[in-house]
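Chemist: Following this message is one structure expressed as structure tokens.
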Amino acid sequence: MSNSNDNDQIEHFLRINHKISTQKMGALLILNSLYKSLPSDISSFREIYAHLDPNVIENNPEGITFLNIARAQHSLSDIKEMLNSYFNIKFHDINHPKKYAENMVIFKKYSMTVSEIIEDVLRIAGFPEELYSIIKELKESRECYDACKMLKLYKDTTNKRIKFELLRKLGLIVLLARIKRTYLIKELDENMQDISNALFRRLGVNKEKKMLYYFWLDSNNKVIFVNDKRRADSAYAKDTEQRKELDLEIYPMQECECHAFRTRMDNEILHMCIRNKFKKNGNNYFTSFVEKMIRKSLAFPNQVRDVIALKVVVRKEDEIKKIIREFESFLGGSSTRKNEINTYHKFGRKHLNKHSSKNYFVWKAIYDITLSHPYIEQINKLLTLTKDNEYAQKELKERYKFCIDNPKDFVVELQLQDIKSHLQSIAKGSPTEHLLLKKNQVRSDSFYKFFPKEIYEKEIDTLKISILNNR
């Protein structure tokens, strides 16, 4: 929304209630902006994710198995069997079906994860608490952990929102099952470590040198950074005073510890780290992956290419090209580079994310990294354990040879930044802070797919009236 529109809305709201607080006014402006512009791919998204299409509730199409079962006039035992057949297809392979009770253990676990994802998406969006409280998942939907109870609730209720939330939950449960069939989540940490070790070996890392950066935002919201703590304290104090004079929010000084090293080709890398998209603070984490699939309307989990990402930070933009050349010297050349995103002006035309600041620079691309088959280490352990079993040794050695002859490709996203852009992306309050980017992405796109206009707009309009009337 433009500043002129904001000013018009503020004047309009003040005419209705001249006593409204600044905080409430901010909430009203956010509420008033919702559903004014929907994602351009909303129709195609709903074709891919039919369970998140609110229109199926009234249209009741034939293609959704859950709705077909809901229409069926059968005994409870028959319905349970039909539901169990459905979840056996979604949760297991065709040769290893499970009983209903076993599938409901999985169903409940996935259901709880789905609720966490929906909660996370709302929290990432950073909406006012008033909005969060009315559109968060309803208790009836959230605490439905059994498929038969879900079906009964869906059939018995006349509440369209509950019906939608049950279908949304079911659709996301099925998506989680597909993701887990696509990625061996438990093995990703091991894969990540293998990739990290291989890259360090090929880069020929020399002795690391610890470097500490102190950084903060100046009065123009640009990152200022130095290595010297005394200089940092003095400069930070001056910038803080200027921010106070401009009535800007004050953020604490931050620190960034880098372990710089020189590579085989004498390039300096200040910071290098690798991350797994399915992990956060050491725990399994699905929100980032699922939100990306929903936002980008991706039909298949393997379309997400940045599950494992390597970030490399250098001193200056000019050094990025040399680092790319060094990586490609052992990754197979530029022909292995896919989905390149180049925002560096010295490389030619920029391609900025629509939510990114013009001051934010990054280069990234997808590479296949060929590593040893992941089962080789396990086979080596089994060879040691079965050394007295001639038959097992023969079978294992054949399997070992097969693995040696069939290395595996791992898809990795390589991200390159200069130190200024890196610090800008992690500085609290920065316009290029990663959390702010995620908030804008959710607010402009995935929010409308998780929380469709047809279901939630009326409740939001009611909330606006309530805030305006100080209720």
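Rundown of residues vs (1) crowded, with 16+ Cβ neighbours inside 10 Å; (2) over 24 Å from Tyr213 (Cβ atoms); (3) at pLDDT below 90; (4) of a type in the set (D, E, K, R), yes/no style:
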site	(1), (2), (3), (4)
Ile308	yes, yes, no, no
Tyr344	yes, no, yes, no
Asn359	no, no, yes, no
His373	yes, yes, yes, no
Pro407	no, yes, yes, no
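Chemist: What strands (runs of 3 or more DSSP E) completely inside the range 252-323 contain at least 1 residues that are farther than 22 Å from Val362 by Cβ?
Modeler: Fully inside the range 252-323 and qualifying: 254-262.
Chemist: All but one of (1) free of Cβ contacts under 8 Å to residues at least 12 places away in the same chain; (2) in contact with a helix residue (DSSP H, G or I) (Cβ under 7 Å, 6 or more places away or on another chain) hold for Ser43; state the number of the condition that does not hold.
Modeler: (2)
Chemist: Could you identify the single residue in Asp189, Asp156, Asp194 that is among the acidic types (Asp, Glu), surrounded by 16 or more Cβ atoms within 10 Å (Cβ to Cβ) and over 20 Å from Ser446 (Cβ atoms)?
Modeler: Answer to the check: Asp194.
Chemist: Name the helices (runs of 4 or more DSSP H) wholly within the range 361-471 that hold at least 1 residues that are under 25 Å from the mean Cα position of the chain (by Cα)?
Modeler: 419-426, 434-441, 447-450, 453-468
Chemist: While we're on this one: One residue is enough: does the range 79-99 have a residue meeting the conditions of a type in the set (Gly, Ala, Ser) and farther than 18 Å from Val174 by Cα?
Modeler: no
Chemist: Looking at the structure I just gave you, is Tyr213 among the hydroxyl-bearing types (Ser, Thr, Tyr), under 30 Å from Asp266 (Cβ atoms) and surrounded by 17 or more Cβ atoms within 10 Å (Cβ to Cβ)?
Modeler: Against the criterion (among the hydroxyl-bearing types (Ser, Thr, Tyr), under 30 Å from Asp266 (Cβ atoms) and surrounded by 17 or more Cβ atoms within 10 Å (Cβ to Cβ)), Tyr213 qualifies.
Chemist: How about the range 157-206: which of its residues are among the charged types (D, E, K, R) and farther than 30 Å from Glu377 by Cα?
Modeler: Correct list: Lys160, Arg161, Lys163, Glu165, Arg168, Lys169.
The values are calculated or read from the model by the stated rules, or taken from the named source; none is laboratory data. Computed from a prediction, not measured in an experiment: that's the story for all the values here. We place every Cβ from the backbone using ideal geometry, glycine too, and count neighbours over all the protein chains shown.
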